[in-house]
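The values are calculated or read from the model by the stated rules, or taken from the named source; none is laboratory data. Source: prediction; values computed, not measured. Here the Cβ is made from the backbone with ideal geometry for all residues, glycine too, and neighbour counts use every protein chain on show. Accessible surface is based on the protein model in full, side chains and every heavy atom, while ligands, DNA and RNA are left aside. Shrake-Rupley method; radii C 1.70, N 1.55, O 1.52, S 1.80 Å.
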Amino acid sequence: MRRRGLCAPLVTGPRVLFLDHTAALGGAELCLLDVAAHLRDRAVVALMADGPFRARLDERGVRTVVLEEAASLQRVKRESRMPGPGAVSAVLGTARAVARLGKDYDLLYANSQKAFIVACVSAVFARKPVLWHLHDILDPDVFSRINIGIDVLLANHVATRVIANSQATANALRARGGARARVDVVYNGVDAAVYDAVTDAEALAVRASLGLGSAPVLGLFGRIAPWKGQDVAIRAMALLSDRPEVQLVIVGDALFGEESYAAEMRALAAELGLGARVHFLGFRSDVPVLMRAVDVLVHTSTAPEPFGRVIAEGMLAGRPVIATAGGGASEIVTAGETAWQIQPRDPAALASAIREVLANPARARAVAAAGRADALARFTLGVTLPQTERAIEQAVRA
Ligand code: UDP
């Protein structure tokens, strides 16, 4: 175990040991970053791998621990059918390390499925309550039945509380047999102040630095992965031959082994003659200014989004948003009022929504303003952190 900044936490509420299996910067980790930073005086984040998430936690003054015992768990995939003996002993070794660390804390808060399994085993040694923050839709097309079966069993019988990041996520847990779990739906919150702090001059400077000039710019934010549908946006660009000035920026990178899809997307843009109009920016940590720099935010996921932070962020940034229906995305937007909504895998529908937004700037401004007001009411940290704290307190009292 490598510890950084560990000392006895100050106690002004339940002390929380957060556990995550990855240190890549996915949406679940960015969500945890804000929760852990808020509770930093009485929390530690234990990570089953080292990576950029740890650096971001450090910057925010959150104590971190990397569990070296978990190294071999990284090889167990979410679609794995049967856990082998290696996986079982890695879970046990990691769980013991978590239990030792957990002695000084009141709650084990698992932020991912692997972390949840480890936390539940630790709870047997440490006799601590477990809260699972569920950030995934338990879909048998994505996760193996054995993984879902274990999750559901543990959610029903070991977790004292589950936080689901949308109704869609909660419903999928119930539909797979998790009806006994005590679930609180808490949407992700975003720090609105960071978006409000971006000035027009900063947004214009970013556009200039990217060579975007005054052309209409679409922004697609999110990690590059087949189900995030970057291909849908690129194909929609090819259909916009009547608007050859329109540009697309793709912000994000392959985070969990989808490098070949990322390479395919660059090849697709080139093959469709869009090399000069589609800009791949890679992973960026200045999303707020980039969102303020684009004219329209597009979201193209081909499978239901468990939540869809990028949609809420685009609304907070005051951009007109075109979101793909399904899962949490359909809970975030009210179609036609706070955003445009299209069906998945439909480049033609996306192209026509883009045409409509660009042709009607007054309506685009009105929808963006309604979206921002709604996001301020539902998806800011001021709204969601108290809900998360309540779930933590209830889990400790259970
Ligand atoms: N993001 C980022 N830099 C990038 C691309 C994305 O910081 O280059 C952030 C984005 O702002 C959002 C998160 O990654 O907060 C993605 O969360 P979302 O719920 O949209 O998708 P997930 O990765 O959880 O499937």
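What to note about this one:
- Stokes-Einstein D for the chain, Kirkwood Rh over Cα pairs, 20 °C, 1.002 mPa s (µm²/s): 99
- Descending principal axes extents, the range 37-151, alpha-carbon based, whole Å: 39, 27, 23
- Degrees between helix 27-38 axis and first principal axis of the chain (Cα, 0 to 90, nearest 10): 60
- Label-point gap, in nm, between Leu92 and Asp50 - each point 7 angstrom along Cα→Cβ: 2.8
- Inter-label distance for Phe280 and His157, nm, one decimal - labels placed 7 Å from Cα along Cα-to-Cβ: 4.7
- Taken along the Cα-to-beta-carbon direction at a fixed 7 Å, the label points for Thr334 and Arg266 span 4.3 nm.
- Subtracting the Cα-Cα distance of Thr199 and Leu30 from their residue separation scaled by 0.36 nm leaves 58.5 nm.
- Ratio of Rg to Rh over the range 338-398 (Cα coordinates, Kirkwood Rh, two decimals): 1.26
- Residue-averaged [θ]222 nm for the chain, counting only DSSP H segments that reach four residues, each worth -39500 (n - 2.57): -14000 deg cm²/dmol
- Near-label residues of the range 159-187 by backbone N, under 19 Å of a point 7 Å along Cα→Cβ of Ala377: 167, 186-187
- For the range 253-391, the alpha carbon positions stretch 49, 38, 27 Å along the principal axes, listed from largest to smallest.
- Here the Gaussian network model covers the chain, with springs between Cα atoms less than 10 Å apart; of Leu210, Leu350, Leu32, Leu210 fluctuates the most.
- Farthest toward positive dipole pole in the range 163-274 [+1 Lys/Arg, -1 Asp/Glu at C-beta], among Ile250, Gly229, Val198: Gly229
- The accessible surface of the chain, taken with every protein chain in place and a 1.4 Å probe, is 54 percent carbon and sulfur.
- Of the residues Ala170, Ala391, Leu154, the one whose Cα sits farthest towards the positive end of the charge dipole of the chain is Leu154 (charges of +1 on Lys and Arg Cβ, -1 on Asp and Glu Cβ, taken about the Cα centre).
- For the range 145-179 versus the range 326-346, the gap between their alpha-carbon centres in whole angstrom: 25
- Lysine pairs with alpha-carbon atoms under 23 Å apart, the chain, spacing 8 or more or separate chains: 6
- Solvent-accessible surface of the range 163-307, taken per residue with a 1.4 Å probe and all protein chains present: 40 Å².
- For the chain, a simple Cβ point-charge model (Lys and Arg +1, Asp and Glu -1, everything else neutral) yields a dipole of about 1220 debye relative to the Cα centre.
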